[in-house]
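Accompanying notes for the structure given below.
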Amino acid sequence: MIAGSSSEVRHAEEELAELCPSHPSSQTTRGWMGHPSFMGMSGFFTNSTRRWLALGVVWACAVPSGAHDLPENRLRLVLREDNHIAATYFVNYTELMHRAFAPGKTYQEFAVQFASMDAAQFEPMLRQLDRQLGAETTVEVGGAVLHGTAWAFPSTAASQALIRKHVMGALTGSQFHEEPTEIDFDVIAPVKVASVKVRMPSVLGRVMVISYRPTQVFVEEGTVSKGIEFR
């Protein structure tokens, strides 16, 4: 049920039609506001008719489907020791969750649904995604196929907070620019690493891989270093 008197609902219908006449939902505000993706938001937004109207208008007009900017996902491989690779994913985490949890929904539908989801329901899905990333990420060294260890995944609270920032940014008219989420893990090889082959989960899409072995040099106090080369 939508809170508000019949006159408030009629006013909401008229305002939505005026603000977003091209959107099919402007033909029936009750249908838009009664969509399952929005009905579960009572725990996150107030239940006033104008709140629902604002959410519907912003999502339908200000943030059209496909307007979500997606930076390229990256994997950084740093050879720390002869057989130790320190690896880090840099991913757009809300889009990763969208692809993993609700691939059949628009980004807007996914964001509204999961922003309001209870943490007890959200956490098992997130931990399953953690397991998927760990299981489907492999590094081949000298014919041996290795999995990462010591994974450091984002917390449930931090993950859901990212989704909520996108929703609130849309509501306030200020787009939230999401920084890549870092997911660290280690790969320990049984032999000295000269080259590797990596396989990554398809849910990540295309991934840019950056690899290097850092060089280290001490520079004494008050002195100028020797030439430091980039290779």
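The values are calculated or read from the model by the stated rules, or taken from the named source; none is laboratory data. What you are looking at is a predicted structure, and each value in this text was computed from that prediction instead of being measured. Counting neighbours? That spans all protein chains shown, and the Cβs are built from the backbone with ideal geometry, glycine included.
Consider Ile210 carefully, then state whether it is under 16 Å from the mean Cα position of the chain (by Cα), part of a strand (DSSP E or B) and in contact (Cβ under 8 Å) with a residue 60 or more places away in the chain. In short, no.
Yes/no matrix, rows are residues, columns are (1) in contact (Cβ under 8 Å) with a residue 60 or more places away in the chain; (2) buried (at least 16 other Cβ atoms within 10 Å of the Cβ):
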residue	(1), (2)
Val91	yes, yes
Thr94	yes, yes
Met97	yes, yes
Gly104	no, no
Glu123	no, yes
Leu133	yes, yes
Thr137	yes, yes
Leu146	no, yes
Gln160	no, yes
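You will find that of Ser225, Ser155, the residue that is of a type outside the set (Asp, Glu) and more than 22 Å from the chain's Cα centre (by Cα) is Ser225 and no other. Here the condition is being surrounded by 10 or more Cβ atoms within 10 Å (Cβ to Cβ) and either closer than 22 Å to Gln132 by Cα or in contact (Cβ under 8 Å) with a residue 24 or more places away in the chain (or both); of Val193, Val219, it holds for Val193 alone.
Can you find a residue that is surrounded by 11 or more Cβ atoms within 10 Å (Cβ to Cβ), touching a strand residue (DSSP E or B) at 6+ places or on another chain (Cβ under 6 Å) and at pLDDT 90 or above anywhere in the stretch 162-180? The answer is yes; a qualifying residue exists. The residue that is nearest to Leu79 (Cα to Cα), counting only those in the stretch 189-207 that are basic (Lys, Arg) and part of a loop (DSSP other than H, G, I, E, B), is Lys192.
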